[in-house]
Amino acid sequence: MDDDWITLSGLEHYAYCPWQARLLQDGVWADNYLTVQGSAAHDRVDSQGIDSRRGVRVHHRVPLASRRLRLYGVADSVEERPDGTLMPVEHKLGRGAGDLRPLILQVTGQALCLEEMRGVQVHEVAVFVVAERRREVFATSHWRDETEAEIAAMRVSLGSPALGRPNYRAARCRRCSLLEACQPNGRECG
């Protein structure tokens with residue numbers, strides 16, 4: 001892909017914390033207990049293939065791309081109903097500091113890719129929170145404009161040479177595996 005293409009997972013990271021997305025873009029990675037648990041929670045869904053549940057075909061690890069948005073990645077799963085309706089489902093271990101917005105933007109980005117690739121409307125997206133065994137469904141139309149705006153902001157922000165260091169935000173920063181690499185402003189030492 002060209003340099004200005006961004007990943008669906010990068011979109012989620014950017015919506016969570018632009019600095020985290022910048023560090024990941026630069027190749028910085030560190031595991032913590034949450035990233036390890038998240039990887040384990042994805043074991044089943046990360047096996048490529050198709051299965052059926054209650055008449056719904058579930059496609060796992062679906063490669064996606066949108067030339068218009070210069071966005072690409074892999075959907076955890078895409079459900080295909082008997083009438084041909086598609087719905088991407090993003091699986092996450094937890095809610096990410098209680099805020100589903102980054103996950104909703106990521107799965108809406110998946111829907112936008114599906115729409116372009118398949119020439120269909122994707123009316124709903126879902127987030128499955130593994131720790132809660134809970135699935136929440138959202139209307140794509142409610143998140144489409146915000147997702148496209150976030151993609152544009154991400155492209156501009158991550159394309160600029162300087163990104164201001166973030167302020168420490170306890171709810172997000174203390175659980176981030178990149179906390180030591182990030183060194184946010186206002187973090188108390190020790």
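The values are calculated or read from the model by the stated rules, or taken from the named source; none is laboratory data. Here the structure is a predicted model, which is why all the values come from computation and not from measurement. All Cβ positions, even for glycine, are placed from backbone atoms using ideal geometry, and neighbour counts span all protein chains on display. Please note that ligands, DNA and RNA were not included when accessible areas were found on the heavy atoms of the full protein model with its side chains. Shrake-Rupley method; radii C 1.70, N 1.55, O 1.52, S 1.80 Å.
Brief remarks on what is shown
- Hits in the range 128-142 (condition: open to solvent by 50 Å² or more (accessible area, probe 1.4 Å), more than 16 Å from Glu80 (Cβ to Cβ) and either assigned to a helix (DSSP H, G or I) or modelled with pLDDT of 95 or more (or both)): Ala131, Glu132, Ser141, His142
- Contacts under 6 angstrom Cβ, first residue in the range 71-93 being basic (Lys, Arg), partner surrounded by fewer than 18 Cβ atoms within 10 Å (Cβ to Cβ), 6 or more apart: Arg81/Val56
- Enumeration of residues in the range 144-166 that are under 18 Å from the mean Cα position of the chain (by Cα), of a type outside the set (D, E, K, R) and open to solvent by 50 Å² or more (accessible area, probe 1.4 Å): Ala149, Ala152
- Counting only residues that are within 24 Å of Arg70 (Cβ to Cβ) and free of Cβ contacts under 8 Å to residues at least 24 places away in the same chain, the range 116-145 holds 5 of them.
- Hits in the range 45-80 - residues which are open to solvent by 40 Å² or more (accessible area, probe 1.4 Å), out of contact with any Asp or Glu (no Cβ under 8 Å at 6 or more places or on another chain) and either at pLDDT 95 or above or within 29 Å of Met154 (Cβ to Cβ) (or both): Gln48, Pro63, Tyr72, Val74, Glu80
- Failed item, numbered, when Ala162 is tested on (1) free of Cβ contacts under 8 Å to residues at least 60 places away in the same chain; (2) assigned to a helix (DSSP H, G or I): (2)
- The set of residues in the range 82-96 being more than 30 Å from Tyr168 (Cα to Cα), of a type outside the set (D, E, K, R) and open to solvent by 20 Å² or more (accessible area, probe 1.4 Å) consists of Pro82, Gly84, Thr85.
- Qualifying residue in the range 85-93 (condition: of a type in the set (S, T, N, Q) and closer than 18 Å to Ile6 by Cα): no
Residues checked against (1) in a strand (DSSP E or B); (2) open to solvent by 40 Å² or more (accessible area, probe 1.4 Å):
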{"site": "Gly98", "(1), (2)": "no, yes"}
{"site": "Gln106", "(1), (2)": "no, no"}
{"site": "Ala111", "(1), (2)": "no, no"}
{"site": "Glu116", "(1), (2)": "no, yes"}
{"site": "Gln121", "(1), (2)": "no, yes"}
{"site": "Ala126", "(1), (2)": "yes, no"}
